[in-house]
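Single-structure report; data block below.
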Amino acid sequence: MSQGNRQLALRIAELGFGQAELARQINLEIEFLTGKPGNVTDSDVRRWLRGETKWPQDRIRLCLERVLSARAEDLGFVPRKKSPAPSEEDPVHRRTFLSAASGSVLAVGASGANGHGRLGISDVRRFHQDYVAILRRDDAGRGTQKVENLAVELASRIRSALAVSTTSTRVQELLYRLAAEVISSAAFASIDASAPQRARAHLGQALTFAGLSRSSQVTYHVWNHMTLTSSQRENHAEAVAGAEALKRSSIARRDPLYASLGHMRSANGLARMRRQSEALRALTDAERAFARSAHLRRPEWISFYDSSEVNALSSFIWTALGDHGRAEYCLHRSLAAIPEGRVRDRALYTAHLALAQARQEDLELACATSREAYTLLPPSSGSRRTTNTLAATRKVLLASGSKAPEVAEWIEESGQWI
């Protein structure tokens, strides 16, 4: 293939796709994003491999990027210098298509899923819109119990719709995938409320849905939350074993972002087991994999894992290893990069910053930071992770024996709600 697209051939071989299977996966992505089946064939794939097609059409190219977890340019395709048809290839059209593709899974479908009819892509979109609304509520810290209840109710509606309606195999898989992601959100709300046993019950159901969906991404999502429940239960050996499952998953082999998160979960568990050299090695692997990850369209749930989250999770590892100065540095970097809408995370990481400062005996500053974290946290958030962190900070302040007015005032003030 000296005259062909060697980069594409290597990526296809690396992921183990056959030509017909690759075409099928691209067509499924096209159908999911546009509502209409794709018509890519293995003959098209062979033309790409021979280098006869230099730059596929927008919708095909974008879905190819999603399936292969790589940018078109990195797959050996060459952008056209001048677009023959502005409606097809110019940057404005690309942005329009991306917006339309994103919107297609958010739009309310015309067909209903309440009766005994046939479920279609429009029903997937309608349920997906409700799911995104739950994610936004969760980011805003608007009540862990409410988020959990809404997610459980939505998953139940999806399951009921599947039970009383007919559907194609593809739509069925999409709905099971969505149900698994929805109930995983319920599990995360339980985790945020420091209720790991309740989270485990949700995740058991999510694993069933994930298996029915045949999606490695969704299975990864469930196992990611499994590692968090293990950590909350102080079973760090189990958390490390779960992280190994994440790292060995097919999606982690295809996409460095998923690999990075798996290494990060492993580093956290190893640090808490006092296996310092292994933890630091895993942290380095996480950082390197994250640096290699491209900006691709991915499921909504993993959008949390950005540079701010990498720094926040790194701070937890340094804290477990006893380096509170480095943990503070990472938390400052996290808070500087965190998106504006993630209110709950900003409150949580501000609370961790206060704890790092208190452990370094910067007591007055720790009090001011604690007060900021408490102010950031919506009154009805139910985020026990945040309030537990503030309680740990208060414990350090009490143990210091400081008589400074700022410290005494904060100890008294925080005692009313911790």
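The values are calculated or read from the model by the stated rules, or taken from the named source; none is laboratory data. No experiment lies behind these values; they were computed from the predicted model shown. Quick reminder, even Gly has a Cβ in these numbers, built from the backbone with ideal geometry, and neighbours come from all protein chains shown.
Which condition number in (1) at pLDDT 90 or above; (2) within 17 Å of residue 299 (Cα to Cα) is the one that residue 148 fails? Only one criterion is unmet by residue 148, namely (2).
Across region 108-119, the qualifying residues are those that are assigned to a loop (DSSP other than H, G, I, E, B) and either within 18 Å of residue 156 (Cα to Cα) or over 26 Å from the mean Cα position of the chain (by Cα) (or both), and the one among them that is modelled with the highest pLDDT is 117.
One line per residue, one yes/no per condition, for (1) among the β-branched types (Val, Ile, Thr); (2) at pLDDT 95 or above; (3) outside any helix (DSSP H, G or I); (4) under 20 Å from the mean Cα position of the chain (by Cα):
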position	(1), (2), (3), (4)
160	no, no, no, no
190	no, no, no, yes
194	no, no, yes, yes
198	no, no, no, no
201	no, no, no, no
204	no, no, no, yes
209	no, no, no, yes
217	no, no, no, yes
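The single condition from (1) buried (at least 17 other Cβ atoms within 10 Å of the Cβ); (2) within 26 Å of residue 183 (Cβ to Cβ); (3) not basic (Lys, Arg) that residue 314 fails is (2).
For (1) among the aliphatic types (A, V, I, L, M); (2) over 17 Å from residue 384 (Cα atoms); (3) in contact with a helix residue (DSSP H, G or I) (Cβ under 7 Å, 6 or more places away or on another chain), each residue gets a yes or a no:
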| site | (1), (2), (3) |
| --- | --- |
| 175 | yes, yes, yes |
| 214 | no, yes, yes |
| 224 | no, yes, yes |
| 230 | no, no, yes |
| 239 | yes, yes, yes |
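Reported count of residues in region 317-341, each being over 19 Å from the mean Cα position of the chain (by Cα), charged (D, E, K, R) and surrounded by fewer than 18 Cβ atoms within 10 Å (Cβ to Cβ), is 3.
Which of the residues that make up region 38-95 are more than 25 Å from residue 252 (Cβ to Cβ), part of a loop (DSSP other than H, G, I, E, B) and modelled with pLDDT under 75? Once the filter is applied, which keeps residues that are more than 25 Å from residue 252 (Cβ to Cβ), part of a loop (DSSP other than H, G, I, E, B) and modelled with pLDDT under 75, region 38-95 yields 81, 82, 83, 84, 85, 90. Reported count of residues in region 386-418, each being among the charged types (D, E, K, R), in contact (Cβ under 8 Å) with a residue 24 or more places away in the chain and closer than 17 Å to residue 359 by Cα, is 2. Listed conditions (1) assigned to a helix (DSSP H, G or I); (2) at pLDDT below 90 are all met by residue 142, apart from (1).
Checked against (1) surrounded by fewer than 24 Cβ atoms within 10 Å (Cβ to Cβ); (2) farther than 21 Å from residue 124 by Cβ, residue 214 passes all but a single condition, namely (2). Report the residue count in region 2-17 for those that are farther than 20 Å from residue 255 by Cβ and either at pLDDT 75 or above or surrounded by 21 or more Cβ atoms within 10 Å (Cβ to Cβ) (or both). Number of matching residues: 3.
Of the residues making up region 286-295, those that are surrounded by 14 or more Cβ atoms within 10 Å (Cβ to Cβ) and touching a helix residue (DSSP H, G or I) at 6+ places or on another chain (Cβ under 6 Å) number 4. Any residue that is under 21 Å from residue 268 (Cβ atoms) and of a type in the set (Ser, Thr, Tyr) - is there at least one of those in region 156-166? No: zero hits.
Every condition in (1) under 23 Å from the mean Cα position of the chain (by Cα); (2) over 19 Å from residue 191 (Cβ atoms); (3) hydrophobic (A, V, I, L, M, F, W, C); (4) crowded, with 24+ Cβ neighbours inside 10 Å holds for residue 351 except the one numbered (2). Pairs are defined by a Cβ separation below 6 Å, a sequence spacing of at least 6 or placement on different chains, a first member in region 288-315 that is within 30 Å of residue 354 (Cβ to Cβ), and a second member that is modelled with pLDDT of 95 or more and of a type in the set (Val, Ile, Thr); the pairs so defined are 290/310.
Quick check, is residue 173 of a type in the set (Asp, Glu), on the phi < 0 side of the Ramachandran plot, at pLDDT 85 or above and surrounded by fewer than 20 Cβ atoms within 10 Å (Cβ to Cβ)? Taking the combined requirement at face value, the residue satisfies it.
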